[in-house]
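Visitor: Dropping a structure here in structure tokens format, bear with me for questions.
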Amino acid sequence: MLADVAAVFTLIGLTAYVVFGGADFGAGFWDLTAGGAERGAPVRAMIKRAMAPVWEANHVWLIFVLVIVWTAFPLAFGSIFSTLQIPLFLAALGIIFRGTAFALRGQAATIREARVLGGLFATASVLIPFCFGAALGGIASGRVGLGNGTGDPWSSWLNPTSALIGVIAVLTGAYLAAVYMAGDSERADLPDLARAFRVRALIAGALSGLVAIGGLLVLRSDARLLYDGLTSGGGLAMVIVSALAGAATLALVWFERYGPARATSALAVVAIVVGWALAQNPYLLPPHLTVDQAAAADATLQATIIVVVLGLLILGPSLWFLYRLVLRGELDQSYEPLHQRFKPSE
């Protein structure tokens, strides 16, 4: 029972990180694909304006998940981080460089500096979700064994399932970011940008759905346990919820109803994460280790749960208030395309 509670808390943290952190990474994807310095400047300026109040807060959920897994499921933590050390190291490195580049780009002295920093920010924004998704694919496909370094350090994350989930992580982040920023652009009275992000949201949403559906064929041959879980019972129910929420989002975005579209786009992603958890239940590391087998001693679990509950009583209202201020526009910064600040460097 205590192990299940700790697992639910882990799932809550992971889901929150996928939704909020994923949207942050998705913004970096649109930064990468925005175009040249002048043509892409409006898109990049809106990305900076939308991300500035929340981008650091969104990583709280990653720390939340790491601490719970490390404390409540130490055997699983050691197995995961020793086998999947390469993608997790790349993701951690990407987070460091991405945050540094985002913070410094607005202070760049020349357009050339701004472009270099922007390129680093955008490239890391694609690398990070792919690596995290690849790591999850290694876990879900049963390529992480028990104990330190028992899985292959390369094939554990360079395989069809990992590649699929890595691509889905990048696409869903781009999808969430486009929906959110279409609404932000509308609130900022920038109709041209709102339309631009609307098109991006429709394309990314449709592509995410197609890749997810086609990906079932990959799972059928490469991760049969996960495939069976997603095509039956609670896993299948969550897949259906995700599909319906995704379709509703596309319709709402088409009719430019960005407020409700935020909620339905998040629901589509949440349902997929929950569906994955239900599909591999009761395993934490399929097919080797169940949640109960991976759990720490009861005293450790009790202390962890108490601390988590107390922390959530502080963290939850704080983040709710932050996002409420953001959605009400009270933390909005000025909209300033970067290229307007500089003279050409040539």
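Visitor: Pairs of Cα atoms under 8 Å, at least six residues apart: use those to get the relative contact order of the range 139-281, whole percent.
Guide: On the way: 168 pairs, mean separation 37.0, N = 143.
It rounds to 26 percent for the range 139-281.
Visitor: Also, quick follow-up: Taking the chain as the reference, fit the longest principal axis to its C-alpha atoms, fit the long axis of helix 74-83 to the helix C-alpha atoms, and give the angle between the two in degrees, 0 to 90, nearest 10.
Guide: It works out to around 60 degrees.
Visitor: Now, a different point. Where the centroid of each part is defined by its Cα atoms, how far is the range 158-173 from the range 276-331 in Å?
Guide: Measuring centre to centre over Cα atoms gives 23 Å.
Visitor: log10 I(q)/I(0), Debye, Cα-only the range 162-224, no solvent, q = 0.12, 0.17, 0.30 Å⁻¹?
Guide: Values, matching the q order: -0.37, -0.59, -1.12.
Visitor: Now a separate question. Alpha carbon centre of the range 80-114 versus the range 250-268: separation in Å?
Guide: 30
Visitor: Add -39500 (n - 2.57) for each DSSP H run of 4 or more in the chain, then divide by its residues: what number comes out at 222 nm, to the nearest 500 deg cm²/dmol?
Guide: On the way: 14 runs with 257 residues, N = 346.
Per the formula, -25000 deg cm²/dmol.
Visitor: Using every Cα-Cα pair within the chain, state what percent have a distance larger than 27 Å.
Guide: Values: 27758 of 59685 pairs.
Cα-Cα pairs in the chain separated by more than 27 Å: 47 percent.
Visitor: Moving on to the next point. Work from the charge dipole of the chain (Cβ charges, +1 for Lys and Arg, -1 for Asp and Glu, about the Cα centre) and give the residue of 41, 231, 135 farthest towards its positive end.
Guide: Ranked along the dipole, the leading option is 41.
Visitor: Taking the Cα centre as origin and putting +1 on Lys and Arg beta-carbons and -1 on Asp and Glu beta-carbons, what dipole magnitude results for the chain, to the nearest 20 debye? Before the final figure, lay out the partial values.
Guide: Values: 21 positive and 20 negative charges, 138 e Å.
It comes to approximately 660 debye.
Visitor: I'd like the FRET efficiency for residue 192 and residue 59, computed as 1/(1 + (r/R0)^6) with the beta carbon distance as r and R0 of 41 Å, rounded to 0.05.
Guide: Result of the calculation: an efficiency of 0.85.
Visitor: GNM, the chain, Cα, under 10 Å: largest mean-square fluctuation among 168, 139, 306?
Guide: 306
Visitor: Now a separate question. Please report the relative contact order for the range 1-119, taking Cα pairs under 8 Å with a sequence separation of at least 6, and give it as a percent rounded to a whole number.
Guide: Values: 56 pairs, mean separation 32.2, N = 119.
Over the range 1-119, the number comes to 27 percent.
Visitor: If I take every Cα pair under 8 Å that is 6 or more residues apart in the chain, average their sequence separation and divide by the length, what percent do I get for the relative contact order? Kindly include the intermediate steps, with their values, before the conclusion.
Guide: Numbers: 517 pairs, mean separation 88.1, N = 346.
RCO, the chain: 25 percent.
Visitor: Taking every pair of alpha-carbon atoms in the range 200-263, give the share separated by more than 15 Å as a whole percent. Before the final figure, lay out the partial values.
Guide: Details: 1147 of 2016 pairs.
Of all Cα-Cα pairs in the range 200-263, 57 percent lie more than 15 Å apart.
Visitor: Over the range 111-215, with the other protein chains present, what is the accessible area per residue in square angstrom, probe 1.4 angstrom?
Guide: Working: 4060 Å² over 105 residues.
Accessible surface, normalised per residue, equals 39 Å².
Visitor: Find the percent of Cα-Cα distances in the range 4-103 that exceed 19 Å, and round it to a whole number.
Guide: Everything past 19 Å amounts to 52 percent.
Visitor: When ranked by the protection proxy of mean other Cβ atoms within 10 Å per residue, highest first, what sequence do the peptides 41-48, 129-136, 205-212 form? Intermediate values should be presented prior to the final figure.
Guide: Details: 41-48: 23.0, 129-136: 26.5, 205-212: 18.5.
Listed from highest to lowest mean packing, they are 129-136, 41-48, 205-212.
Visitor: How do 90-101, 238-249 rank on mean C-beta neighbours within 10 Å, highest first? Provide the component values of the computation, followed by the final result.
Guide: Numbers: 90-101: 17.4, 238-249: 19.1.
Per-residue Cβ counts within 10 Å, averaged per peptide and sorted highest first, yield 238-249, 90-101.
The values are calculated or read from the model by the stated rules, or taken from the named source; none is laboratory data. This structure is a prediction, so every number in the text was calculated from the model and none was measured. Neighbour counts are summed over all protein chains in view; Cβ atoms, including those assigned to glycine, are modelled from backbone coordinates with ideal geometry. Side chains included, ligands, DNA and RNA excluded: accessible areas come from the protein's heavy atoms. Shrake-Rupley method; radii C 1.70, N 1.55, O 1.52, S 1.80 Å.
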